[in-house]
Amino acid sequence: LQAVSFDAEFAETRGINTSVFQIVIMVLISVTVVLMVSFVGTVMVIAFLTLPPAMASLLSRRLSVMISLSILFSIILSVFGLFLSYILDLPTGSVTITLAGAIYIVMRTIDTALKKHRSEKWKKKSQ
């Protein structure tokens with residue numbers, strides 16, 4: 001699955017039939033999106049397809065860890081979004097998406113600051 005998803009040419013050289021895997025992956029994604037749009041709406045689907053994996057990619061580069069973190073972030077965001085929307089008496093979808101976006105911005109800001117700090121530290125050592 002990793003080889004097919006990230007480097008189809010490499011997978012083909014290993015004798016894996018990539019077209020079958022790609023079709024299965026696309027069908028699963030399509031069915032998921034179509035079913036979820038009818039339940040929660042387009043914006044929520046797009047947010048949950050992009051924000052949890054984006055958050056996970058800030059914490060890990062390994063696919064298995066990113067998938068696990070994405071699932072964990074999705075569950076946490078759903079639960080806290082529902083809780084906050086109940087407490088604040090606001091629409092659940094809007095609160096959940098806003099919460100996810102805010103957490104991603106904070107995580108991205110911290111990640112950028114840490115990279116900048118490491119870069120400056122490395123430059124000082126090399127001088």
### Enumeration of residues in segment 50-70 that are closer than 21 Å to Met36 by Cβ and surrounded by 13 or more Cβ atoms within 10 Å (Cβ to Cβ)
Leu51, Pro52, Pro53, Ala54, Met55, Ala56, Met66, Ile67, Ser68, Leu69, Ser70
### Task
Kindly list the number of the only condition in (1) closer than 26 Å to Ser94 by Cα; (2) open to solvent by 60 Å² or more (accessible area, probe 1.4 Å) that fails for Ala47.
(2)
### Query
In segment 88-101, which residue that is under 18 Å from Pro52 (Cα atoms) and open to solvent by 50 Å² or more (accessible area, probe 1.4 Å) is farthest from the chain's Cα centre (by Cα)?
Thr92
### Message
Quick check on my filter: what residues within segment 28-44 are closer than 18 Å to Leu77 by Cβ and open to solvent by 90 Å² or more (accessible area, probe 1.4 Å)?
### Response
Phe39, Val43
### Task
Select from segment 7-27 the residues that are touching a residue at least 12 places away in the same chain (Cβ under 8 Å) and either touching a helix residue (DSSP H, G or I) at 6+ places or on another chain (Cβ under 6 Å) or aromatic (Phe, Trp, Tyr) (or both) and write down the one among them that is most open to solvent (accessible area, probe 1.4 Å).
Phe21
### Among the candidates Ser74, Ser78, Ser85, residue that is surrounded by 12 or more Cβ atoms within 10 Å (Cβ to Cβ) and under 12 Å from the mean Cα position of the chain (by Cα)
Ser74
#### Entry: helices (runs of 4 or more DSSP H) wholly inside segment 17-127 containing at least 2 residues that are modelled with pLDDT of 95 or more and more than 30 Å from Asp7 (Cβ to Cβ)
63-88, 92-126
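The values are calculated or read from the model by the stated rules, or taken from the named source; none is laboratory data. Computed from a predicted model, the values in this text were never measured in an experiment. Backbone-built Cβ (ideal geometry, glycine too); neighbour counts: all protein chains shown. Calculation scope for accessible area: heavy atoms of the full protein, side chains included, ligands and nucleic acids excluded. Shrake-Rupley method; radii C 1.70, N 1.55, O 1.52, S 1.80 Å.
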